[in-house]
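Engineer: Structure below; questions to follow.
Any read-out appearing in this document is the output of simple, stated calculations on the displayed coordinates, not a laboratory observation. Keep in mind the model is a prediction, meaning the values are calculated, not measured. Heads up, the Cβs are rebuilt from the backbone with ideal geometry, glycines too, and the neighbour counts pull from every protein chain shown.
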Amino acid sequence: MATEKRNYKRVMLKLSGESLANDKGFGIDPEVVYRLAGEIKEACETGIEVAVVVGGGNIWRGLKGSQGGMDRASADYMGMLATVINSVALQDALEKLGVSTRVQTAIEMRQIAEPYIRRKAIRHLEKGRVVIFGAGTGNPYFTTDTTAALRSAEIEADVMLMAKKQTDGVYDADPKFHPEAKMFTHLTYNDVLQKQLAVMDNTAITLCMNNSIPIVVFNIDVPGNIVKACKGETLGTLIEGE
């Protein structure tokens, strides 16, 4: 079991859309966004390069739309646009705190953000800018978890940090309904796949496994946890190879 502190140079932070909504479950809570931005700023001040992928579930979920009878591709494109709204909100909060930030989108919308260009994204990170990736992969049928895994591989991130609401890590059962549920501190990629643990979709897990990108699942509701995760402190559940 790996419990020692790890030193990361470049991290991918995956935020759910719901994390921006606080307890409302929908919309954007400015106070929460500023708290998250403050923690990202603190991590950057330690010299860590931070990239971010934000979900869009606080505004729209493509899968839910398709289940309601909407064309799946159309519903997913709407979800991608929702992630851009969240990305711009986070960018605004970061820049008000003095953090240089760039939003790059997989779907071109030049008046709002830069198009995603891998080399440009890496250059921004090297210059100390926070890069927020919006619009998913630009393709329907892929989640923002898969986006985060894909971008992690492309920018050669040292770790993928999965910030979760109302949970400290990965459990063997849903602790909301099973108070006796046990939290794992360490798992392998194969453990997650074989035990069908609801960490992220299988495509994202497989991408991380194939590219040897460790994943840390932690509780975003606890102030200071983003900084701790970025600094490699022992936190939540670590998922890595054998």
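Engineer: Just to check I understand the Karplus step: with θ = phi - 60° and J = 6.51 cos²θ - 1.76 cosθ + 1.60, what whole-Hz values come out for the stretch 148-160, glycine and proline as x?
Structural biologist: Calculated HN-Hα couplings, in order: 4, 5, 5, 5, 4, 5, 5, 8, 6, 5, 6, 7, 10 Hz.
Engineer: What does the charge count around Ser100 come to, taking other residues whose C-beta lies under 10 Å from its C-beta (Lys +1, Arg +1, Asp -1, Glu -1)?
Structural biologist: Here the count lands on +2.
Engineer: Sticking with this structure for a sec: Can you list residues from other chains, or at least 5 along the same chain, whose modelled amide H is less than 5 Å from the amide H of Glu114?
Structural biologist: Sorted by chain and number, the residues that satisfy this are Val103, Thr105.
Engineer: Something else about it: What does the net charge come to around Ala21 if you take all other residues with beta carbon closer than 10 Å to its beta carbon, with K and R at +1 and D and E at -1? Walk me through the numbers on the way to the answer.
Structural biologist: Details: positive: Lys24, Lys165; negative: Glu18, Asp23, Asp29.
Computed value for this residue: -1.
Engineer: Here is a follow-up. Cβ under 12 Å from Ala149's Cβ, Ala149 left aside: what net charge do those residues give with Lys, Arg +1 and Asp, Glu -1?
Structural biologist: Working: positive: Lys14, Arg151; negative: Asp145, Glu154, Asp201.
That sum, taken over residues with Cβ under 12 Å, equals -1.
Engineer: Give me P(r) over the stretch 110-163, computed from all C-alpha to C-alpha distances, binned every 5 Å, as integer percentages.
Structural biologist: 4, 17, 29, 27, 17, 5, 1
Engineer: If the chain between His178 and Asp221 were fully stretched, how many nm would it gain, using 0.36 nm times the residue separation less the Cα-Cα distance?
Structural biologist: Details: separation 43, 0.36 × 43 = 15.48 nm, distance 2.04 nm.
Gain on extension, His178 to Asp221, equals 13.4 nm.
Engineer: I'd like the Karplus ³J(HN,Hα) series for the stretch 25-36: coefficients 6.51, -1.76, 1.60, θ = phi - 60°, whole numbers in Hz, and an x wherever there's a Gly or Pro.
Structural biologist: x, 8, x, 10, 9, x, 4, 5, 4, 5, 5, 5
Engineer: Taking H placed 1.01 Å from N in the peptide plane, check which residues at least 5 places from Gly56 or on another chain put their amide H under 5 Å from its amide H.
Structural biologist: So Gly56 has HN proximity to Gly17.
Engineer: Over the chain, what is the percentage of antiparallel beta bridges among all DSSP beta bridges, to the nearest 5?
Structural biologist: Roughly 15 percent of the beta bridges in the chain run antiparallel, per DSSP.
Engineer: Let me ask another. Where does the stretch 10-229 land on Rg(C-alpha)/(2.2 N^0.38 Å)? Intermediate values should be presented prior to the final figure.
Structural biologist: On the way: Rg = 16.5 Å, N = 220, 2.2 N^0.38 = 17.1 Å.
For the stretch 10-229, the normalised Cα radius of gyration is 0.97.
Engineer: What does the highest-first list of 207-213, 52-58 look like by mean Cβ count within 10 Å?
Structural biologist: Highest mean packing first, the order is 52-58, 207-213.
Engineer: Quick check on my link table: of Lys64/Lys120; Lys164/Lys231; Lys24/Lys176; Lys120/Lys164, which ones sit more than 24 Å apart, alpha carbon to alpha carbon? Could the numbers behind the result be given before it?
Structural biologist: Working: Lys64/Lys120 34 Å; Lys164/Lys231 18 Å; Lys24/Lys176 18 Å; Lys120/Lys164 29 Å.
Violating the 24 Å Cα-Cα cut-off are Lys64/Lys120; Lys120/Lys164.
Engineer: Loop-only trypsin sites (Lys or Arg not before Pro) in the stretch 25-111, please: DSSP not H, G, I, E or B, and at most 12 other Cβ atoms within 10 Å. Walk me through the numbers on the way to the answer.
Structural biologist: On the way: sites: Arg35, Lys41, Arg61, Lys64, Arg72, Lys96, Arg102, Arg110; in loops: Arg61, Arg110.
Qualifying residues, ordered by number: Arg110.
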